[in-house]
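What follows is one structure encoded as structure tokens, with my remarks underneath.
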Amino acid sequence: MRYYKNSKAQHILLGFASHLQGIGVVVALCFFLLACLRKDDVVKDIDKLGKGNEVIQLSLPLGFPYPIIPNDNLPTQNRIRLGRMLFFDPILSRDSTVSCESCHHENNVFSDTLRVSIGIEGRKGTRNTPSLVNIAYQPVFFWDGGVPSLEQQVLAPFDAHAEFDFDINKVALLLNNHPAYPALFQKAYNRLPDVYSITRAIACFERTLYGGTSKYDSYVYKGDSSALTISEIRGMKIFFGENGECFHCHQGFNFTDYSFRNNGLYSVYPDSGRAMITLSASDLGKFKVPSLRNIEKTAPYMHDGSFPTLEKVVQHYVEGGRRHRNKDRLIQPLALSKVEQQDLINFLKSLSDQ
Amino acid sequence: MNNLLKIIVSIISVIAFLSSCNKKDGTPQPEIQTQSVSLNFMQTVGETPVNFTDVFSTSDGRRYTLSMFRFYISKIRLVKEDNTEQTVSGSYFLIAPSSPVCELGKVPYGNYKGLRFSVGIDSVTNHSDPTIYPASNPLAIQTPGMHWSWKSGYIFMMVEGSCDTTASKNEALINGQFNQSLIIHIGLDKFYRNVEISNASISVGDSTKSVNLKADMNRMLGEVDLKTEHSTKSFNNSSFATKVANNIPSMFSIMP
């Protein structure tokens with residue numbers, strides 16, 4: 001490797017030097033110096049880091065765009081493996097009882113089936129755990145959008161009283177004294193466990209979670225017209241039509257426009273939602289429009305898990321929600337028969353990954 | 001071989017060229033004399049230095065204890081006699097009883113009539129990624145935390161302790177604590193405050209200069225009734241938070 005790089009650099013220089021005169025030589029030499037520097041860095045890094053550090057291409061479901069990934073956290077096998085290990089490790093919580101996976105169950109589309117999340121010592125949170133499937137597409141995080149990146153989102157459970165209730169600096173200390181983690185961090189990020197590398201690793205793993213293998217996907221992206229039943233197709237027409245109006249907010253391949261809206265859940269909101277971040281009265285009771293993919297598996301529903309079933313959710317929208325001055329103008333009573341409501345629910349269930 | 005010769009000649013000529021670039025031009029520059037200046041924040045309650053064991057009283061006699069008193073200082077500038085500003089090195093400082101000093105670096109000799117700084121973090125830095133800083137940087141995630149991870153912003157001023165909210169104001173301490181916990185977390189861009197000390201008269205000359213500043217807790221609690229106002233995280237109990245934030249500019253004074 002060293003020899004090859006060296007001769008390549010010389011070759012570049014020879015090529016330049018034999019053709020350029022005067023100031024051009026300066027340019028050539030700069031290239032030469034740069035090539036030397038880069039060669040040394042690359043060789044040193046590869047020697048230290050070993051295999052598994054090539055940036056990999058994430059495999060995505062058919063029809064999904066490639067997500068935007070920060071340049072300092074491009075996916076490699078070492079980073080993903082490390083992030084996955086941390087994700088499952090209760091060392092992250094104060095009493096080492098709760099991990100990310102405690103709420104974001106791998107066997108349930110990285111969500112749970114509780115009304116609100118439960119952290120250490122059985123402490124109840126105030127909001128419903130979202131699925132992490134397709135999380136890479138979210139522009140901001142939490143129901144209120146308070147955090148602007150997946151990496152920064154990782155900080156929050158450490159601080160939350162009803163989640164890990166710990167201190168990420170103390171976690172870094174524990175990880176540095178762990179028999180396995182320091183070497184894994186070195187391999188993945190070329191640095192020891194710290195706030196930067198912990199948050200990057202977990203985010204890197206989370207950006208590998210995708211779901212796009214539903215019956216709906218077969219119908220739309222694979223052109224399999226037999227993938228949906230007649231009832232599901234009727235439900236799809238309601239969803240995307242004037243009868244249901246669902247598509248205005250739940251749009252695109254991820255069935256959300258990522259906006260914050262008040263859907264008339266309450267007249268008085270115990271949780272002020274987006275207004276907690278913006279402190280603006282016009283954002284009271286607004287929450288992020290959730291993706292509907294795998295919705296069947298992520299009951300109960302709404303930001304506070306107050307609706308136990310999809311039937312209750314559809315009933316809410318059919319009735320048009322409660323009065324609130326911030327209620328979205330799209331939330332109006334719907335004229336849907338019982339059969340049509342069932343069709344709509346059947347369609348929503350066709351969004352579950354197979 | 002011919003190519004190799006060209007390379008050698010090129011390298012020599014370029015090195016000569018580059019080294020000539022490094023030379024300063026010949027015009028003589030007037031020598032500016034500078035001196036190291038630091039700010040030393042004395043956290044007090046009135047005239048008493050803050051500690052985490054004593055009982056303190058507000059001006060209206062409400063007793064309280066402290067277990068935390070930390071704040072961010074930034075954008076420090078000295079004001080010259082001609083009202084122009086002398087910016088200083090160093091950008092963000094986290095002041096606590098254990099870290100009261102801001103090293104301002106070298107400052108030109110002269111008399112400075114005023115001192116300006118901000119309490120808090122400017123809005124751009126306030127909402128940028130806090131995980132990128134090395135542990136030694138005041139903007140890195142602190143223990144205990146000075147950053148709201150659920151809404152991505154720094155806590156500019158953090159005060160914690162306990163206070164006696166009983167009618168008699170004679171509550172006995174239990175384990176060094178009064179009946180009510182005292183929590184003041186001031187953050188949010190709207191509570192970023194500029195401080196101006198106009199009568200500073202700081203003279204920078206031959207010897208290193210340490211400017212002592214008082215940060216008086218009781219001035220920050222001015223007009224606050226701890227009986228009813230003892231807990232705010234800025235986004236809640238915002239009238240209390242506003243009162244405290246508005247007291248911040250006047251809590252600082254220069255000490256002789």
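The values are calculated or read from the model by the stated rules, or taken from the named source; none is laboratory data. Bear in mind the structure is a predicted one, so any value in this text is a computation, not a measurement. For neighbour counting, all protein chains shown are included, and Cβ atoms are generated from backbone atoms with ideal geometry for every residue, glycine included. Note: areas computed on protein heavy atoms with side chains; ligands, DNA, RNA excluded. Shrake-Rupley method; radii C 1.70, N 1.55, O 1.52, S 1.80 Å.
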Which of the trypsin sites (Lys or Arg not before Pro) found in region A:125-191 are in a DSSP loop and have at most 15 neighbouring Cβ atoms, other than their own, within 10 Å? A:191
Quick one: Karplus J couplings for region B:222-228, per residue in order, coefficients 6.51, -1.76, 1.60, θ = phi - 60°, nearest Hz, x for Gly and Pro? x, 6, 8, 9, 4, 4, 10
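Subtract the Cα-Cα distance of residue B:242 and residue B:84 from 0.36 nm times their separation in residues, and report this length gain in nm to one decimal. Walk me through the numbers before you get to the answer.
Numbers: separation 158, 0.36 × 158 = 56.88 nm, distance 3.07 nm.
Contour length minus Cα-Cα distance gives 53.8 nm.
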Give me the base-10 log of I(q)/I(0) for region A:215-349 at each q in 0.18, 0.21 Å⁻¹, Debye formula, one uniform scatterer per Cα, rounded to two decimals. -1.03, -1.35
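Taking R0 as 35 Å, what FRET efficiency do you get between residue B:166 and residue B:98 from their Cβ-Cβ distance, rounded to the nearest 0.05?
Details: r = 32 Å, r/R0 = 0.91.
Approximately 0.65, to the nearest 0.05.
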What is the helix-to-structure angle for B:2-22, meaning the angle in degrees between its Cα long axis and the longest Cα principal axis of chain B, kept from 0 to 90 and rounded to the nearest 10? 50 degrees
In range of the label at residue B:106: residues from region B:187-224 whose backbone nitrogen is under 15 Å from the point 7 Å along Cα→Cβ: B:205-209
Could you give the spread of the C-alpha atoms of region B:108-256 along their three principal axes, from largest to smallest, in whole angstroms? 55, 39, 29
By the DSSP-based rule, helices of chain A that are at least 18 Å long along the axis (C-alpha) and have a mean Kyte score of at least 1.0 are A:23-49
Reduced Cα scattering model of chain B, Debye log10 I(q)/I(0), q = 0.09, 0.13 Å⁻¹: -0.51, -0.87
Using the Cα atoms of region A:137-250, I'd like the radius of gyration and the largest Cα-Cα distance, Dmax, both in angstrom. 21.2, 60
For region B:78-169, run through the GluC sites (Glu not before Pro) and keep only the ones in DSSP coil with at most 16 other Cβ atoms within 10 Å of their Cβ. B:81
With labels modelled as points extended 7 Å from the Cα through the Cβ direction, what inter-label distance (nm, one decimal) is found for residue A:58 paired with residue B:208? 5.1 nm
Region A:219-294: which GluC sites (Glu not before Pro) are DSSP loop and have at most 10 other beta-carbon atoms within 10 angstrom? A:242
Expressed in square angstrom to the nearest 10, the accessible area of residue B:91 with a 1.4 Å probe stands at 60 Å²
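Which residues make up the longest stretch of chain B that has no chymotrypsin sites (Phe, Trp or Tyr not before Pro) in a DSSP loop with at most 16 other Cβ atoms within 10 Å?
Values: sites that count: B:52, B:109.
With a cap of 16 other Cβ atoms within 10 Å, the longest stretch comes to B:110-256.
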Extension gain from residue B:55 to residue B:250, taking 0.36 nm per residue of separation minus the Cα-Cα distance: 67.9 nm
Over chain A, what per residue volume does the convex hull of the Cα atoms give, in whole Å³? 189 Å³
Pairs over 26 Å Cα to Cα, from A:170/A:286; B:75/B:233; A:327/B:243; B:169/B:243; A:286/B:151, come to A:170/A:286; A:327/B:243
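Using only the alpha carbon atoms of region B:186-250, find the Kirkwood hydrodynamic radius as the inverse mean reciprocal pair distance, in angstroms to one decimal. If you can, show how the numbers build up before the last one.
Numbers: mean 1/r = 0.0717 Å⁻¹.
Kirkwood radius, region B:186-250: 14.0 Å.
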First obtain the Kirkwood hydrodynamic radius of region A:71-206 from its Cα pairs, then insert it into the Stokes-Einstein equation at 10 °C and 1.306 mPa s, and state the resulting D in µm² per second as a whole number. 106 µm²/s
For residue A:288, counting only aspartates and glutamates whose alpha-carbon sits under 15 Å away and dropping same-chain residues fewer than eight positions off, the answer is A:144, A:257, A:271, A:304, A:328
Can you give the accessible area of residue A:226, probe radius 1.4 Å, in Å² rounded to 10? 90 Å²
Counting only the backbone N, which residues of region B:50-75 are under 16 Å from the spot 7 Å out from the Cα of residue B:40 toward its beta-carbon? B:50
Over region A:54-151, how many percent of alpha carbon pairs lie in each 5 Å bin up to the one with the longest distance? 2, 11, 16, 22, 24, 14, 7, 3, 0
Starting from the Cα-Cα distance between residue A:174 and residue A:77, subtract it from 0.36 nm times their residue separation and give me the gain in nm to one decimal. 32.6 nm
Spin-label zone in region B:108-134 - amide nitrogen under 16 Å from a point set 7 Å from the Cα of residue A:192 along the C-beta vector: B:134
Assuming 0.692 mPa s and 37 °C, estimate D for the protein assembly as shown with Stokes-Einstein, Rh taken as the Kirkwood radius over Cα pairs, in µm²/s. 113 µm²/s
Between region A:140-212 and region B:107-169, how far is it from one alpha carbon centroid to the other, in angstrom? 23 Å
Could you state the angle between the C-alpha long axis of helix B:238-247 and the longest principal axis of the C-alpha atoms of chain B, as a value from 0 to 90 degrees rounded to the nearest 10? 60 degrees
The long-range amide H neighbours of residue B:104, using H built 1.01 Å from N in the peptide plane and a cut-off of under 5 Å, are B:37, B:38, B:39
For residue A:237, the aspartates and glutamates lying under 12 Å Cα to Cα, once residues fewer than eight places off in the same chain are dropped, come out as A:245, A:340, A:343
Per residue of A:158-168, how many C-beta atoms from partner chains lie within 10 Å of its own C-beta, taken as a mean? 2
Putting +1 on Lys and Arg Cβ atoms and -1 on Asp and Glu Cβ atoms, find which of A:189, B:192, B:137 reaches farthest to the positive end of the dipole of the protein assembly as shown. A:189
